[in-house]
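Peer 1: What follows is a structure written as structure tokens; I'll ask about it next.
Bear in mind these aren't lab numbers, they're just calculated from the coordinates by the rules spelled out. Not measured: the values here are computed from a predicted model. Every residue, glycine among them, receives a Cβ derived from its backbone with ideal geometry; neighbour counts consider all protein chains shown.
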Amino acid sequence: MEGMAMRSFPEDIEKTSEMIAATSTFQQKVLEVRAQKINWQSYLQSQMISQEDFSFISRYDAADVNIRETIVQENPLQSAKTFYSLLGHISKDQTIQYLLTLVDDFLQEKKNRVGIFREYARKRKESVWAQFLNLLNRPDPFIQNMTARVIAKMACWSPEPMQGQDLQHFLLWLKDQMKMPKNNYVQSVARCLQMMLRIEDYRRAFAGVGGVETIVSVLSGKVNFQIQYQLTFCLWMISFSPDLAAKLNKYGVIPILADILSDAQKEKVSRIILAVFRNLIEKPEEREIKKENCISMYQCKVMKQLELLEQRKLEDEDITDDIQFLMEKMESSVQDLSSYDEYVTEIKSGRLEWSPVHRSERFWRENAHKLNDKNYELLKILLNLLETVQDPLILCVACFDLGEYVRHYSRGKHVLEQLGGKTLVMTLLSHADPNVRYEALLAVQKLMVHNWEYLGKQMNKPQAAAADQGAGGGEGIPVA
């Protein structure tokens, strides 16, 4: 993989077709399709295919692997011509399914046969991709996914990469398929991605169309261990590019994988997650990002999971090595961890909780102004959380922090109004959760009242509840 030091993971890339669980929907369908017999003679008699195409396909289809190679070598371009011609002129789903399975086997038997399609398209001055990309629009899901397999193999095994609109179209299709509810072929989609993301240009293109966000979104839902493994493998591929690795945790990769690690029953899932974590420390070039990722892992309780894994009898040397590496890096990072470093990492993780720094008067007095750094980066994250998350705890802490920022930074009120923060906080005054309503109300009070010390002494929860009712909130805020 372009100079990468690759490990031998159990379901590694080149063995893709046979290594997916044999019970998957896609593999079951492949076996059914291969067992079919197509009457090519009837297509010839009805003049749907030419004599030349019939001669090739009828011989090739009936031959074993060794004889097939002889048939292809007799006239290599004829094989590409016939496959393209039949896929373009036959409309019956059953036959298209069979043809695509033949093409997939054709490529799997010898990777360099991709060059035959390339040469045929070049001589005819046609796109090698157009006909296959069109088949992705067929309503039959097996046709779509077998086509995707063929495209992925051609894109990965050809000396000439897939580029431009063709590449973007294919990657967007894969991304949309991952997001599709109850997609029975998601393992096959992930398999295609595992192949594609081995290649640097394809990794960048996939990240460019929002692919990382989609993977994280799927992993945050309820998926089986096979999908967890495959999609984490995709993140591992992406993490080999230093600049992409540096951005991964902006999408919440560490918290999501930490959650999966804590529940993982399969060693291969734990193994690939630790490989991603290692890359997130090794690959980014900026020391600050390496440290930030270490702290994020520590805050997401990865250390505890590593200690539990260490107690198991693990035969795999890679996983043992990764455990030691990660533990050492995390221990080193947290030794000189300031309260502000801890706060920054927590905010960027999006996993807010009532950790000690939030309630510390000294912390806010010393650090409130730092929320303005990097064009108000941390403030914007807090505001985004108010807009996007459902978790009442996160909303409570975010409201509290915004209030403390305003209370301790003289221009805080003006900055928040410019960023739309006041409106966002006020929308939470009618939130279903009473604790969120309380923290939103307190934050609004801090935004509107100038005598902060007086407010801090006078405002207590019973009065906040009364103020909520007096402001037309209707429902009282419970006293903690």
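Peer 1: Would you work out which of SER42, GLN94, ALA80 lies farthest towards the positive end of the dipole of segment 36-160, given +1 charges on the beta-carbon of Lys and Arg and -1 on that of Asp and Glu, about the Cα centre?
Peer 2: The residue sitting most towards the positive pole is ALA80.
Peer 1: Which of the trypsin sites (Lys or Arg not before Pro) found in segment 83-181 are in a DSSP loop and have at most 10 neighbouring Cβ atoms, other than their own, within 10 Å?
Peer 2: Numbers: sites: LYS92, LYS110, LYS111, ARG113, ARG118, ARG122, LYS123, ARG124, LYS125, ARG149, LYS153, LYS175, LYS179; in loops: LYS92, LYS110, ARG124, LYS125.
Passing both the DSSP loop test and the Cβ count: LYS125.
Peer 1: Given charges of +1 on the Cβ of Lys and Arg and -1 on the Cβ of Asp and Glu, with all other atoms neutral, how large is the dipole of the chain about its Cα centre, in debye to the nearest 20?
Peer 2: Numbers: 59 positive and 63 negative charges, 194 e Å.
Its charge dipole is roughly 920 debye.
Peer 1: How would you order 126-135, 238-247, 253-262 from highest to lowest mean count of nearby Cβ atoms within 10 Å? Please list the in-between numbers first.
Peer 2: Working: 126-135: 16.7, 238-247: 19.4, 253-262: 21.8.
Answer by packing, highest mean first, reads 253-262, 238-247, 126-135.
Peer 1: Mind checking the angle between helix 25-34 and the chain's longest principal axis? C-alpha axes, 0 to 90 degrees, to the nearest 10.
Peer 2: Helix 25-34 sits roughly 10 degrees off the main axis of the chain.
Peer 1: In deg cm²/dmol and to the nearest 500, what is the mean residue ellipticity at 222 nm of the chain if only DSSP H runs of at least 4 residues count, each as -39500 (n - 2.57), divided by the residue total?
Peer 2: Mean residue ellipticity, 222 nm, calculated: -21500 deg cm²/dmol.
Peer 1: Of [x] 89, 44, 38; [y] 94, 51, 38; [z] 84, 57, 46, which one was derived for Cα extents along the principal axes in Å from the structure shown?
Peer 2: After the calculation, the listed value that fits is [y].
Peer 1: Then there is this: Figure the gain on full extension for LYS304 and ASN184 (residue separation times 0.36 nm, minus the Cα-Cα span) and round it to one decimal in nm. Don't jump to the answer; show the numbers that get you there.
Peer 2: Working: separation 120, 0.36 × 120 = 43.20 nm, distance 3.50 nm.
Stretched out fully, the LYS304 to ASN184 stretch lengthens by 39.7 nm.
Peer 1: Still on this model: What is the helix-to-structure angle for 302-311, meaning the angle in degrees between its Cα long axis and the longest Cα principal axis of the chain, kept from 0 to 90 and rounded to the nearest 10?
Peer 2: In the chain, helix 302-311 runs at an angle near 60 degrees to the longest axis.
Peer 1: Taking the beta-carbon count within 10 Å as an exposure proxy, list TYR60, TYR438 from fewest neighbours to most. Write down the numbers at each step before the final one.
Peer 2: Numbers: TYR60 18, TYR438 25.
The most exposed by this proxy come first: TYR60, TYR438.
Peer 1: Next up: How do THR70, THR214 line up, fewest other C-beta atoms within 10 Å first? Could the numbers behind the result be given before it?
Peer 2: Working: THR70 10, THR214 20.
Ascending number of Cβ neighbours within 10 Å: THR70, THR214.
Peer 1: Among the listed pairs LYS290/LYS374; LYS29/LYS125; LYS291/LYS413; LYS81/LYS153; LYS250/LYS413; LYS380/LYS446, give every one whose C-alpha distance is greater than 30 Å.
Peer 2: On the way: LYS290/LYS374 18 Å; LYS29/LYS125 35 Å; LYS291/LYS413 32 Å; LYS81/LYS153 18 Å; LYS250/LYS413 27 Å; LYS380/LYS446 19 Å.
Pairs exceeding the cut-off: LYS29/LYS125; LYS291/LYS413.
Peer 1: Starting from segment 318-360, pick out the GluC sites (Glu not before Pro) whose DSSP state is loop and whose Cβ has at most 14 other Cβ atoms within 10 Å. Kindly include the intermediate steps, with their values, before the conclusion.
Peer 2: Details: sites: GLU328, GLU331, GLU342, GLU346, GLU353; in loops: GLU353.
For GluC sites (Glu not before Pro) across segment 318-360 that sit outside H, G, I, E and B with at most 14 neighbouring Cβ atoms in 10 Å, the list reads GLU353.
Peer 1: For helix 373-388, what angle does its Cα long axis make with the longest principal axis of the chain, in degrees from 0 to 90 and rounded to 10?
Peer 2: In the chain, helix 373-388 runs at an angle near 80 degrees to the longest axis.
Peer 1: Another one. Can you classify segment 260-305 as rounded, prolate or oblate using the Cα gyration tensor, where a ≥ b ≥ c are the square roots of its eigenvalues, rounded means a/c under 1.5, and otherwise it's prolate if a/b beats b/c and oblate if not? Intermediate values should be presented prior to the final figure.
Peer 2: On the way: a/c = 4.25, a/b = 1.69, b/c = 2.52.
Oblate, since a/c reaches 1.5 and b/c is not below a/b.
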